[in-house]
Amino acid sequence: MKVVLPDKSELELPAGATGLDAARAIGPKLAEQAVLVRVDGQVQDLRTPLGDGDEIQLLTTRDTQDPDALAVLRHSSAHLLAEAVRRLYPGVKIAIGPPIENGFYYDFDFPEPLREEDLERIEAEIKREISEGRHWERSEISRDEAKTRFAAEGEPYKVELVDTADGDISLYTQSHDGSDDFTDLCRGPHLQNSKPIKALKLTHLAGAYWRGDSTKPQLTRIYGTAFYSQEDLDAYLERLEEARRRDHRRLGVELDLFHLSEASPGSPFWHPKGMVVWNELEDLRRRENAKRGYAEVKTPLIYDKSVWETSGHWEKFRDNMFLVAGEGEEPHAGLKPMNCPGHMLLFGSQLRSYRDLPIRYAESSTLHRNELAGTLHGLLRVRHVTQDDAHIFCTEEQVPGEIDGCIEYAKTLYELFEVVPHAELSTRPENRLGSDEEWDRAEGILQEALERHGIPYVIGEGEGTFYGPKIDLHMDDALGRSWQMGTIQADAQMPKRFGLTYMGADNTEHTPVVIHRALLGSLERFVGILTEHYAGAFPFWLAPVQVRVLPVGDAHLDAARTLVLRLLEAGYRAEVAEPSETIGKRIRAAELEKIPFTVVYGDRESNESLAVRDRGGEQSELSLASFVDRLATL
RNA sequence: GCCGGAGUAGCUCAGCUGGUAGAGCAACGCCCUUGUAAGGCGUAGGCCGUCGGUUCGAGUCCGACCUCCGGCUCCA
């Protein structure tokens, strides 16, 4: 048979030949360094037979940055981890251990709780295995054989995995010098041997439910990472350090933007400087909404239980709500976790005509969501949520156009911050209202809109809200964790439940459709993500202090104050740093605070000649007038 | 909510096996009068997360709770 190499040349191989055979046919060095083969773009184990006409690409230990090559290395590392844990902790049951972005993990059921310091000896044992050497063999067996084998070994989790696995069952055995060190149920692919694992580190420990199901037993997950070289591991650890420096929780305190307190977990205290950023975002929201026919409204914070029963929140969202009850009473009201019911009531308060539609209500008032204690995270997961929220009431025919409008609007906003969120189409969850037909329709409308705009997206199976599917916009924090920002949702349920109608041109009553949309998402979360994105160095228009003037000595204080006054009059946020410290120290402070411009003012300066320094340390000399002109372009 | 870890001055952290708490930075005061990333000297600052227990004695040991960190689940 023939296979096709990346340069389109053909390689003649005997029938049943594997990726490794192909490598051998090309050269012994390649065969030694090969770690996996891509067949028609799909990763495949070197030991798996190729098919006639396959287009193959061999990856080697030199492809140190290739995600697939790293995944194989890490997957094999996970198996070494499992072997080590089994040897060190008799009675442990093994579950599952895949590679993940930046590393790998393996889940175990330990008879005794594992502690953080145990990682050291486990890591030492893995390193011993590597120095001893392991090579992997692949074998295919029947489902029954696999079940018998794992049942005999006392591995119930593996038995369950065999039961639910689709396709053939394959095993990987790792061994050295003829010993059989560890055999695991695994789809692969794996390395040929452990030599390429040049750097490995167990990083942390966490609990994880079996099969991600909170009703199932909680296992102990050991996380680690591995690389093809020590330098790559060092670089990775350095990147983690850098990410910690960008952490908005740290910068929030350092830059005096906000703080969090036990006094009200999950509810930030916004400091004056943080409020500047916040208000700039609010101004942006108002300005842009006004251009697009949104009308700002304000609706109550607390509603009677009956409202939440009507909306479905009492049934579907109650656990996440702060409820209001008198002494010894059952709750009779709740704080709003979303604005939609208020907007429904507002819409329903008057007779509506098709001529009024679409009606676009915008509101960014405070929402309260009683998030589980363990899920709170700085500004990124809070209990006090403020969205740049709006609800668009329209006819069914108007829905696609309104969705388009929201998508265009979102693009405009995100471009302003020079970020590209990734889109997700979140489909029907198990816990939902409405019929399958309604969901088919709503999901279809959103999907078509994404495709119309050529926006790449992934499907978030079951991640829609209880009342409708949504297009979500996600962004990553400094550590690469993904957070949902904006959301655009199509909803046929709420208007029906609230009995909303409008009079159509046909002189009969119709039920409007509602589009729920928050484009930046929660302002708390958005400020958090922006802080990490900019590492605290906000663009000029968002910077809490835009210009700081440093008089060289007391003699220059008045002139500096006058200069600040001019800048304030020109509409900029400027302040004086009094000369109680040296210039060097005040410059340093301004740099650490990431203030866009500092102006040193001494004997040599005048309004005709200012010494301006930007955040990068770049200095320039220009007149006040041209400085102000320059600021106006930012 | 669950698993693991942590909580000492405003911040970053030290405090060995129990003997009554310490540094740097920040703050404040004085001196210096400053020229583009830390001038000098000094002062003040802590219910060692909270409550309970063991002990002659607890920052240190034990328990419960609270909060935070990393995950899991959840989630807009």
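The values are calculated or read from the model by the stated rules, or taken from the named source; none is laboratory data. All figures in this text were calculated on a predicted structure; none of them were measured in a lab. FYI the Cβ positions are ideal-geometry reconstructions off the backbone, even for glycines, and counts take in every protein chain you see.
Selection of segment A:565-585 for residues being near RNA strand B (Cβ under 8 Å from one of its atoms) and either outside any loop (DSSP other than H, G, I, E, B) or not hydroxyl-bearing (S, T, Y) (or both) yields A:E578, A:P579, A:E581, A:I583, A:G584, A:K585.
Where residues in segment A:591-616 are more than 7 Å from RNA strand B (Cβ to nearest atom) and of a type in the set (D, E), which of them is farthest from A:V253 (Cα to Cα)? Within segment A:591-616, the match that is farthest from A:V253 (Cα to Cα) is A:E608.
Results for (1) surrounded by 13 or more Cβ atoms within 10 Å (Cβ to Cβ); (2) more than 10 Å from RNA strand B (Cβ to nearest atom); (3) within 30 Å of A:N279 (Cβ to Cβ); (4) not aromatic (F, W, Y), shown as yes or no for each residue.
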{"residue": "A:E315", "(1), (2), (3), (4)": "no, yes, no, yes"}
{"residue": "A:E327", "(1), (2), (3), (4)": "no, yes, no, yes"}
{"residue": "A:A333", "(1), (2), (3), (4)": "yes, yes, no, yes"}
{"residue": "A:M338", "(1), (2), (3), (4)": "yes, no, yes, yes"}
{"residue": "A:F347", "(1), (2), (3), (4)": "yes, yes, yes, no"}
{"residue": "A:Q350", "(1), (2), (3), (4)": "no, yes, no, yes"}
{"residue": "A:S353", "(1), (2), (3), (4)": "no, yes, no, yes"}
{"residue": "A:D356", "(1), (2), (3), (4)": "yes, yes, no, yes"}
{"residue": "A:S364", "(1), (2), (3), (4)": "yes, yes, yes, yes"}
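Being away from RNA strand B (no atom under 16 Å from the Cβ) and in contact (Cβ under 8 Å) with a residue 24 or more places away in the chain is a property that holds for A:L284. Restricting attention to segment A:362-402, the residues being among the small types (G, A, S), touching a residue at least 60 places away in the same chain (Cβ under 8 Å) and under 22 Å from A:H453 (Cα atoms) number 1. Note on segment A:309-367: residues that are modelled with pLDDT of 95 or more and touching a Cys at 6+ places or on another chain (Cβ under 7 Å) amount to 1. Tell me yes or no: at least one residue of segment A:617-626 is more than 8 Å from RNA strand B (Cβ to nearest atom) and under 30 Å from A:Y414 (Cβ atoms). Within segment A:617-626, one or more residues are more than 8 Å from RNA strand B (Cβ to nearest atom) and under 30 Å from A:Y414 (Cβ atoms).
Scanning segment A:369-399 for residues that are assigned to a strand (DSSP E or B) and of a type in the set (S, T, N, Q) yields A:T386, A:Q387.
Residue-by-condition table, conditions (1) among the β-branched types (V, I, T); (2) in contact with a His (Cβ under 9 Å, 6 or more places away or on another chain); (3) outside the structural domain of A:Y361 (by TED's automatic domain parsing); (4) buried (at least 16 other Cβ atoms within 10 Å of the Cβ):
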| position | (1), (2), (3), (4) |
| --- | --- |
| A:E262 | no, no, no, no |
| A:P268 | no, yes, no, yes |
| A:V277 | yes, no, no, yes |
| A:R292 | no, no, no, no |
| A:L301 | no, yes, no, no |
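A count restricted to segment A:401-436 and to residues that are outside any strand (DSSP E or B), within 14 Å of RNA strand B (Cβ to nearest atom) and of a type in the set (D, E) stands at 1.
Scanning segment A:103-141 for residues being modelled with pLDDT of 90 or more and assigned to a loop (DSSP other than H, G, I, E, B) gives a total of 3. Here A:R87 meets each of (1) buried (at least 17 other Cβ atoms within 10 Å of the Cβ); (2) part of a helix (DSSP H, G or I) with one exception, condition (1). Would you call A:V92 among the aliphatic types (A, V, I, L, M), touching a residue at least 40 places away in the same chain (Cβ under 8 Å) and either under 20 Å from A:Q192 (Cβ atoms) or within 16 Å of RNA strand B (Cβ to nearest atom) (or both)? Here the answer is no, as A:V92 does not meet what is asked. Of all residue pairs spaced 6 or more apart or on separate chains, those with beta-carbon atoms under 8 Å, a first member in segment A:96-118 that is more than 24 Å from A:R239 (Cβ to Cβ) and a second member that is of a type in the set (S, T, N, Q) are A:D107/A:T220; A:F108/A:T220; A:D109/A:T220; A:F110/A:T220; A:P113/A:T220; A:L114/A:T220. Is it the case that A:L323 is surrounded by fewer than 19 Cβ atoms within 10 Å (Cβ to Cβ) and closer than 22 Å to A:T487 by Cβ? The answer is no for A:L323.
Just to be sure before I move on: is A:F540 among the aromatic types (F, W, Y) and buried (at least 20 other Cβ atoms within 10 Å of the Cβ) in the structure I sent?
Spelling it out, it is not the case that A:F540 is among the aromatic types (F, W, Y) and buried (at least 20 other Cβ atoms within 10 Å of the Cβ).
Looking at A:L500, A:L530, A:L523, A:L519, just one residue is farther than 30 Å from A:R481 by Cα and either in contact with a Leu (Cβ under 8 Å, 6 or more places away or on another chain) or more than 16 Å from RNA strand B (Cβ to nearest atom) (or both), and that residue is A:L500.
When each of A:A69, A:A25 is tested for being in contact (Cβ under 8 Å) with a residue 60 or more places away in the chain, assigned to a helix (DSSP H, G or I) and of a type in the set (A, V, I, L, M), the lone residue that passes is A:A69. Residue count for segment A:546-564, restricted to those that are of a type in the set (S, T, Y) and within 11 Å of RNA strand B (Cβ to nearest atom): 0.
Taken across segment A:602-622, residues that are farther than 30 Å from A:L284 by Cα, within 39 Å of the chain's Cα centre (by Cα) and without any contact (Cβ under 8 Å) to a residue 40 or more places away in the chain do occur, with at least one present.
Can you find a residue in segment A:213-233 that is touching a residue at least 60 places away in the same chain (Cβ under 8 Å), within 16 Å of RNA strand B (Cβ to nearest atom), over 20 Å from A:Y89 (Cα atoms) and in contact with a Lys or Arg (Cβ under 8 Å, 6 or more places away or on another chain)? Full working, then the answer.
Going residue by residue through segment A:213-233, those that are touching a residue at least 60 places away in the same chain (Cβ under 8 Å) are A:217, A:219-229, A:232.
Filter again for within 16 Å of RNA strand B (Cβ to nearest atom), leaving A:217, A:219-225.
The next check asks that each one be over 20 Å from A:Y89 (Cα atoms); those that pass are A:225.
Those still in the list that are in contact with a Lys or Arg (Cβ under 8 Å, 6 or more places away or on another chain) too: A:225.
The answer is yes, given that some residue of segment A:213-233 is touching a residue at least 60 places away in the same chain (Cβ under 8 Å), within 16 Å of RNA strand B (Cβ to nearest atom), over 20 Å from A:Y89 (Cα atoms) and in contact with a Lys or Arg (Cβ under 8 Å, 6 or more places away or on another chain).
Scanning segment A:253-266 for residues that are more than 9 Å from RNA strand B (Cβ to nearest atom), in contact with a Lys or Arg (Cβ under 7 Å, 6 or more places away or on another chain) and not acidic (D, E) yields a total of 2. From the list A:L219, A:L205, the one residue that fits, being touching a Gly at 6+ places or on another chain (Cβ under 9 Å), of a type in the set (A, V, I, L, M) and either assigned by TED's automatic domain parsing to the domain that holds A:E123 or part of a loop (DSSP other than H, G, I, E, B) (or both), is A:L219.
Residue count for segment A:420-447 under the criterion of being within 19 Å of A:H313 (Cβ to Cβ) and touching a Ser or Thr at 6+ places or on another chain (Cβ under 6 Å): the result is 0.
Quick check on this structure: which one of A:L520, A:L542 is touching a residue at least 12 places away in the same chain (Cβ under 8 Å) and touching a Gly at 6+ places or on another chain (Cβ under 9 Å)? Going through A:L520, A:L542 in turn, just one is touching a residue at least 12 places away in the same chain (Cβ under 8 Å) and touching a Gly at 6+ places or on another chain (Cβ under 9 Å): A:L520. Looking at (1) among the hydroxyl-bearing types (S, T, Y); (2) farther than 17 Å from A:S229 by Cα; (3) out of contact with any helix residue (DSSP H, G or I) (no Cβ under 8 Å at 6 or more places or on another chain), find the lone condition where A:S76 falls short. So A:S76 meets the others, but not (2). What number of residues within segment A:96-105 are within 12 Å of RNA strand B (Cβ to nearest atom) and among the small types (G, A, S)? Adding up the residues that qualify gives 1.
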